[in-house]
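Colleague: Have a look at this one.
The values are calculated or read from the model by the stated rules, or taken from the named source; none is laboratory data. Everything numeric here is computed off the predicted structure, so don't read it as measured data. Using ideal geometry, Cβ is built from the backbone for each residue, glycine included, and neighbour counts are taken over all protein chains shown. For the accessible areas, the whole protein counts, side chains as well, though only heavy atoms, and no ligand, DNA or RNA atoms are used. Shrake-Rupley method; radii C 1.70, N 1.55, O 1.52, S 1.80 Å.
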Amino acid sequence: MTTQDSTALADHGIRRHEKRDWRGWAFVGPFMVVFALVFLTPLAYALYLSFFQEKLIGGTAFVGFDNYVRALTDPQFWEAFGRVVLFLVVQVPIMLALALAAALALDSARLRGASFFRILIFLPYAVPAVVAVLMWGYIYGDQFGLTSNFNDFLGSDLITPFAREWILVSIGNIVTWQFVGYNMLIFYSSLKTIPTDMYEAASLDGAGAWRTIFSIKIPSVRGALVIATIFSIIGSFQLFNEPNILRPLAPNVITTYFTPNMYAYNLSFAGQQFNYAATIAIIMGVITAVIAYVVQLRGSKSEVR
């Protein structure tokens, strides 16, 4: 090949490199516009609000990081944050363990009517969240509903779901009932991707059912477990619907700052403290993102090993 041929090929390569195909943006563009409008814009506006404060004299004034200093020294915020952390540490492992057990049972060839039970377990997730909480609120009511009838039958207030020491358990029961089926479906879908060759090899090696579960199935769903854990962490820090709807039934137990999201909501819509509410939301968003990232990073490292 001559020098002229090489130069021509190089020029042709440069021209090919410079020619861009923008047709892909025609497909991505609508999503990017919606993403910018419904996610990036509100996030930027909340960040903007967090640097200002409404003054009695002078109107809105720039205060820098004063709102963040106030939030980080706010005992009500830390009480709410500690409550959702406790909720996360206890409820999430129980929910994911039940979901994994259900998925393993459905994946087992020994269970008859697996399709029926799969739909039955998933069905609570299809119930709208507000309807589910109202239904459980009626069950929990100590002046009416199932709990009241049961206590009347026993002749004592043995079951008190709205007591201060039981309220988190009651809310955790609702969330678990709602989301076990959702997480079960994630695990079950992951189990179905395992090649049958692995089961055949395990059978030839004499592995029993439990050995197959712990050596093949559970390691194979580790990625799905990480995803479900991240979703559950985000959901726990966003806890709002359940305590907010149950609050009229237990106003002395469920306060306006029961969770960080409830605190921000009531600061904004009841207290008209929009700037401070935006600060709470930004702090919780950062904390949630950091924890979710750490879980994903540890999960990725475990998967590589």
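Colleague: Among the numbered conditions (1) in contact (Cβ under 8 Å) with a residue 40 or more places away in the chain; (2) surrounded by fewer than 18 Cβ atoms within 10 Å (Cβ to Cβ), tell me where residue 128 comes up short.
Modeller: (1)
Every residue, every condition in (1) closer than 30 Å to residue 280 by Cα; (2) not aliphatic (A, V, I, L, M), yes or no:
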residue: 210; (1), (2): no, yes
residue: 223; (1), (2): no, yes
residue: 229; (1), (2): yes, yes
residue: 241; (1), (2): yes, yes
residue: 251; (1), (2): yes, yes
residue: 255; (1), (2): yes, yes
residue: 262; (1), (2): yes, no
residue: 265; (1), (2): yes, yes
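Okay, residues lined up against (1) hydroxyl-bearing (Ser, Thr, Tyr); (2) modelled with pLDDT under 85; (3) in the same structural domain as residue 291 (by the TED database):
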| position | (1), (2), (3) |
| --- | --- |
| 169 | no, no, yes |
| 180 | no, no, yes |
| 199 | yes, yes, yes |
| 205 | no, yes, yes |
| 230 | no, no, yes |
| 235 | no, no, yes |
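Colleague: Does residue 232 meet the test of being touching a residue at least 12 places away in the same chain (Cβ under 8 Å) and under 14 Å from residue 103 (Cα atoms)?
Modeller: no
Colleague: So is residue 172 in contact with a helix residue (DSSP H, G or I) (Cβ under 6 Å, 6 or more places away or on another chain), within 28 Å of residue 120 (Cβ to Cβ) and not hydrophobic (A, V, I, L, M, F, W, C) or not?
Modeller: Yes; evaluated as a whole, the condition is true for this residue.
Colleague: Of all residues in segment 98-121, count the ones that are closer than 13 Å to residue 175 by Cα and open to solvent by 30 Å² or more (accessible area, probe 1.4 Å).
Modeller: Looking only at that region, the number is 1.
Colleague: Out of all the residues in segment 143-172, which are open to solvent by 20 Å² or more (accessible area, probe 1.4 Å), assigned to a helix (DSSP H, G or I) and either under 23 Å from residue 96 (Cα atoms) or touching a residue at least 12 places away in the same chain (Cβ under 8 Å) (or both)?
Modeller: Selection gives 168, 169.
Okay, residues lined up against (1) touching a residue at least 24 places away in the same chain (Cβ under 8 Å); (2) in a helix (DSSP H, G or I); (3) of a type outside the set (Asp, Glu):
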site	(1), (2), (3)
178	yes, yes, yes
183	yes, yes, yes
188	yes, yes, yes
199	no, yes, yes
207	no, no, yes
215	no, yes, yes
218	yes, yes, yes
223	yes, yes, yes
228	yes, yes, yes
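Colleague: In addition: Can you give me the ranges of the helices (runs of 4 or more DSSP H) entirely in segment 1-71 with at least 1 residues that are modelled with pLDDT under 60?
Modeller: Per the criteria, 3-18.
Colleague: Is segment 132-142 home to any residue that is under 26 Å from residue 184 (Cα atoms), assigned by the TED database to the domain that holds residue 244, open to solvent by 60 Å² or more (accessible area, probe 1.4 Å) and in a helix (DSSP H, G or I)?
Modeller: Yes, segment 132-142 has at least one match.
Colleague: Across segment 258-293, what is the total count of residues that are open to solvent by 50 Å² or more (accessible area, probe 1.4 Å) and either in contact (Cβ under 8 Å) with a residue 40 or more places away in the chain or over 15 Å from the mean Cα position of the chain (by Cα) (or both)?
Modeller: 8
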